Amino acid sequence: MNRPGVVVLGLGLVTAAVSAGRVWVRFTVQDPVLGLQSQGASGYAAAPALSACGLMALAALLVLLLTRRWARATGLVVLSASAVAAAWLVGGVLRDPLGAARASLAEPGVTGAAVRVVRGGATVWPWTFAMAVLLVLVGALWLGWSWWVQARTRREVGPAAVSRRQPPAAATPSDADRERRSNHDAWKELSEGKDPTD
């Protein structure tokens with residue numbers, strides 16, 4: 001594998017995994033009983049489909065690590081597609097943080113419909129996630145380009161190198177081989193009626 005591409009891809013994936021669990025949106029809700037309350041929504045709560053993108057990326061990463069050739073290319077395509085989908089989700093949160101806050105409140109087990117989001121805004125973590133997604137895309141493109149160049153070089157150089165390849169030089173016989181050959185020649189001369197000591 002291309003080491004710089006792997007480093008960029010790994011850095012992007014680790015940063016995305018860490019930043020997705022942080023608080024993406026801080027907001028204030030108006031509860032009819034408790035009044036104003038400050039709350040926060042993580043990336044997974046603000047963009048619920050983000051976990052599906054993470055699972056897709058994990059499966060693609062396993063394909064990249066455990067396979068070769070066309071299966072690896074398929075893994076790169078799936079990884080890039082999951083990164084693009086994640087970028088779309090984070091873009092939605094950054095465009096409408098209050099809508100993302102309402103979506104996080106609509107999850108089961110969270111306060112009911114009587115609660116109203118009053119104000120809120122995005123933190124630095126969705127921006128960090130967006131940068132991580134960009135790193136993942138750059139790493140995937142880098143790896144794909146390097147693999148394509150290597151495959152093309154192998155195709156072009158392979159047949160020419162085979163045609164120019166010289167036949168292997170004959171190995172020098174060992175002492176045991178020389179003695180065996182000498183004995184064989186002596187027996188052959190004896191069978192033909194010649195004296196090998198002459």
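Yes/no matrix, rows are residues, columns are (1) modelled with pLDDT of 85 or more; (2) over 12 Å from the mean Cα position of the chain (by Cα); (3) over 27 Å from Val149 (Cβ atoms):
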site	(1), (2), (3)
Pro4	no, yes, no
Val7	yes, no, no
Trp24	yes, yes, yes
Phe27	yes, yes, yes
Leu34	no, yes, yes
Leu65	no, no, no
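For the range 138-162: of the residues being at pLDDT 80 or above and among the small types (Gly, Ala, Ser), which is farthest from the chain's Cα centre (by Cα)? The extreme case among them is Ser146.
Looking at the structure I just gave you, is Lys188 among the basic types (Lys, Arg) and either modelled with pLDDT of 80 or more or part of a helix (DSSP H, G or I) (or both)? Full working, then the answer.
Values: among the basic types (Lys, Arg): yes; either modelled with pLDDT of 80 or more or part of a helix (DSSP H, G or I) (or both): yes.
Yes: the conditions hold for Lys188.
On the given criteria, is Ser19 among the small types (Gly, Ala, Ser) and either more than 20 Å from Ala103 (Cβ to Cβ) or free of Cβ contacts under 8 Å to residues at least 24 places away in the same chain (or both)? No; evaluated as a whole, the condition is false for this residue.
The values are calculated or read from the model by the stated rules, or taken from the named source; none is laboratory data. Everything quoted here is computed from the prediction, not taken from an experiment. Because the Cβ atoms are built from the backbone with ideal geometry, glycine has one as well, and the counts that use them run over all protein chains shown.
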